[in-house]
Each structure stands twice: as C-alpha cells, then as structure tokens.
1. Which distance in nm do the two modelled labels at A306 and N289 give, with both placed 7 Å along the Cα-to-Cβ direction?
2. Using the basic label-point model (7 angstrom from Cα toward the beta carbon), what is the E396 to A370 distance in nanometres?
3. How do W77, W229 stack up against each other in accessible area, from largest to smallest, with a 1.4 angstrom probe?
4. For S86, tell me the accessible area in Å² from a 1.4 Å probe, rounded to the nearest 10.
5. Could you derive backbone 3J(HN,Hα) for the range 349-364 from the dihedral phi with the Karplus parameters 6.51, -1.76 and 1.60 (θ = phi - 60°), listing whole Hz in sequence and x where the residue is Gly or Pro?
6. Mind ranking 425-431, 402-408 by how tightly packed they are, going by the mean number of other C-beta atoms within 10 angstrom, highest first?
7. May I ask for the net charge around S421, where only other residues with Cβ less than 10 Å from the Cβ of S421 are counted and Lys, Arg are +1 while Asp, Glu are -1?
8. Could you compute the FRET efficiency for V253 and Q455, with r as their C-beta to C-beta distance and R0 at 22 Å, rounded to 0.05?
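The values are calculated or read from the model by the stated rules, or taken from the named source; none is laboratory data. Note that the coordinates shown come from a computational prediction; the quantities given were computed from them, not determined experimentally. Note that we place each Cβ from the backbone using ideal geometry, even for glycine, and neighbour counts take in every protein chain shown. Ligands, DNA and RNA are excluded from the accessible area calculation, which covers all protein heavy atoms including side chains. Shrake-Rupley method; radii C 1.70, N 1.55, O 1.52, S 1.80 Å.
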Amino acid sequence: MPVVSLGEKLRNWFVEEEPAAPSNPARRETAVAADIERMQAFERRLKVLLTQPQLLSAGRIHMLNFDTLRERLGPAWSELRDRVHSAADRIINRHISDRDVQFRSGDGEYIIVFAALSRSAASLVCAKIAEELYRLFVGDPKLADITVATAVGAVDGKLLFEHASVAELLSAVEQTAVPAGPTAQAADPPAASTASIGTSAAGGPEEQRKLNLSALEMAQIGIMYRPLWDVGRQVISTYMCTPVRRFPDGTSVEGMLALSAIADPQQLAKIDIDTLADTVEILDELFRNKFRLMVSVPVCFETLAARRSRQDFLAICQSVPDYLRPFLIFEFLHFPTGVPSGRMGELVNEVRPFCRWTFLRVECRQQSFASLSGTGLTGLTTMITSDRSMEARLMEDMNSFVAAAERANLKTCIVGITSTSLAVAARAAGTTLIAGDRIGRAEEIPQHMLRFGWQDLFLRESVR
C-alpha cells in the first residue's frame, strides 16, 4: 500500500504543467492572475471538504492515473495528449456533481474528491470514468490493468491508498448494485414512511402522512447507447441514445419508461438539451479518432412544442459542426397521436438541417401512417415487449407495422428484439433496423462500425 506525504500530495494536486508563457506581458499577467484565481478557488473548495474528518475514512478521495493508456497509445500519446485531457475532463464532469472537486495533477493523473458518495459508490464512478475514457481511445480495454486508487486513511501525515482494478470494481457492483453517476448522491431512499391514522395532542384525528419523493429522485436520468443493426446492409453502424433511469436498488428502466416520471416540460427540455450536447461531444471525439458511426438522439414533443425550449434546443443544434450533421439522427418521443401533419412537418423541418434522418416513436399496433407521409419524416421507431409467450402475436404486429410504414414510404426500426426468432421475424417483415439485447446491450459509449451478418447472430447465440 503506497504511502505519500499528505503535504506533498496536497501541493502536487495544484501543480499542473505550466502552459507556454504568452509573449505579450499584459497577456502573461492576465493568464497568471487567472491561474492564481482558479487555484485559490480549488483550494477553498478542497479545504471545505477536507475539514470533514469522515472524508478519508469514508474513502472519498480518489486518484485516477492513466499511465496504462499512455503506454497503449505509445508514440501517438504526444499527438493525442491534449485530446485525452479534454475528453477526461468532460467525462469526469459528466459523472460527478457540482459539490465534488476534480482536477489534474500532472500528465494523466486526476484527483477526485467526492462530497457525499460512499466509498463503494465513489469507486464505481471512478471505474466507469476510466472505462469510458479507455474505450474512447483504445477500443476494448483490459479492465484488469486499469486501477483506481482510494485514500483510506492518514498516518503521521502520510496518505494511505488502496488500489483496485476497474474489472474488480465493476464485477463487485454486479453483486451489490450500487447506482453510479452524479445524481447517485441524491439516490438514497428519502426519509419517508407511512403512518397510521392516530389522534393528535388536541384530540382530533391526525392527517395521514403521504409519501414524499424528492424531485431529484424522480428525475434520475442518464443516457446509454444501444447498437442498431441494419438488417439489409448487415452492419451495426448506428447507435440509439436511450434515456435510462436508475433506481437505488440497482434496477433501471430505459426509453419512454425512463421519462414517464418526468411531468415538468422544463425538466424534459433540460434532459433533451444535455443529452444532445453530451452525445455530440462524444461523437466528435469518436470522429477525430477515425470512428465512423451514426447516433440517434431523442427529443420530446414538449421540448419542440414550446417556443423557448425549442429555441434552446435549436441553439445546440446550430452549434453542431457541419461534418458531424450527416452522422446525427433525431428520434421524436412523446408525440401525441393525431398531431396535424402541418404541425408535424413544421417541427420536423426545424431540425432537418442538422441531421441525416428523423424518426418518430409510435405504438407498434398503429395501423395507418398516411397522415405522416410528406411531413419530412424518414422513418418510424417502435418498441415491442420481451414476453416470449407473446412472440407469435408480436410477429403479426411487426408484419402489420412494417407494411403500414411502407405504404407511407417510411423506414422502420424495431426495438426490443430479445430472441433470434424475433430477429428473423423482423427481417422477414422487411424492417430496416432492429435493436435489443439479442443484438447488443446498451453501452456507456458508442463503438466503431461493425460488420455483423446472420452467421454472427447465430454464433453469438451459441456462445451465450
């Protein structure tokens, strides 16, 4: 267990590589003043956190060292270094809360101090950060070689660190089901209980207590990416960005179900805007690393229907670089049945300049899409249930769904394929894209384009 001087470590935390000094003295003074102010802000935040004696004992100070990534990249490290640091900052900030502190101390070493997470939850967050960064730059990493260091105590002014591999941490969470991400700090079950009707001190009946769930708990939404299989081209070249809501017991729901608890249009708009911004940043990083794939991004009717939220969403769209727009697909969610074709066409045309395709999520049993013809929509997405006892009925529904969409000249995407038989049936029905656990599980980050034929599907089944 390595021992590090506490004073030395604290000093080193705030020592980053100094940038080249500006030639202009005035600019140099401004840059120095900005660095001093930033450093002082970090120090103030850190001192507040370190005054809490439970920090060390709770294992809330973590260190991520990306030496292994630097070794894997080899000579390319010098070229990719700034890009790695930029991606690391973005990924870390996406996984931690505003109350946490993160900063770089050296070339590829990051310190994260968690304000409230338990040791196990904080370790999991760090493991997911490391996994995501490594996948971004080296593809499928050896998780056993990536370690997370946790400060577990201090003896005679020395910090004591324990090291665990990302593989160990992720394996442990499968058994303990610890929720991850910045909102996990609000994920502990709220102090709410039921009380029987009794008698108050005044002698009258007491009002029965009601369950009080916090707004944060009801809005624990993250995003994952599901691979979409292009049945005709025999390739996985598109990933569907899907909202995921995680619960304190480790379970989760995704897609429309994840958004069902969100009734506030402003909350939905914030989720849509954050999802688009995060996805475009990831897509840009993948593009710069020679990955070529398309990503489907969801946007709710409520976001596009209200003028203010639509303007905010379109402002993000307008900032998407031209070279990324051919790789974006928008999927419309929560659109009520019977939206006039004129209104639908108006909303579709708002986002069409910023993407390649537009899809609308609909019910599988809807039999007519004639009103959508000519609105500018590219296709329709539908979700089917995973009940194996209903497969015969599902196959009939898929046939009807694809036929109705074809009559309106629309492509189709069927999500929820959990068996080979459903995949074969979807192909026979003539659908364009399919997704589901049978094709591939949702991932933290999209992957490179993959040739995927029917023999691959059956081979994957034989090794399950």
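1. 3.6
2. About 2.4 nm, to one decimal.
3. Result, largest first: W77, W229.
4. Accessible area of S86: about 70 Å².
5. So the J values, rounded to whole Hz, are 5, 5, 9, 4, x, 10, 8, 8, 10, 10, 10, 10, 7, 9, 6, 5.
6. Values: 425-431: 20.1, 402-408: 17.6.
Packing proxy ranking, top to bottom: 425-431, 402-408.
7. On the way: positive: R388, R438; negative: E391.
Local charge sum for S421: +1.
8. Numbers: r = 33 Å, r/R0 = 1.50.
Computed FRET efficiency for V253 and Q455: 0.10.
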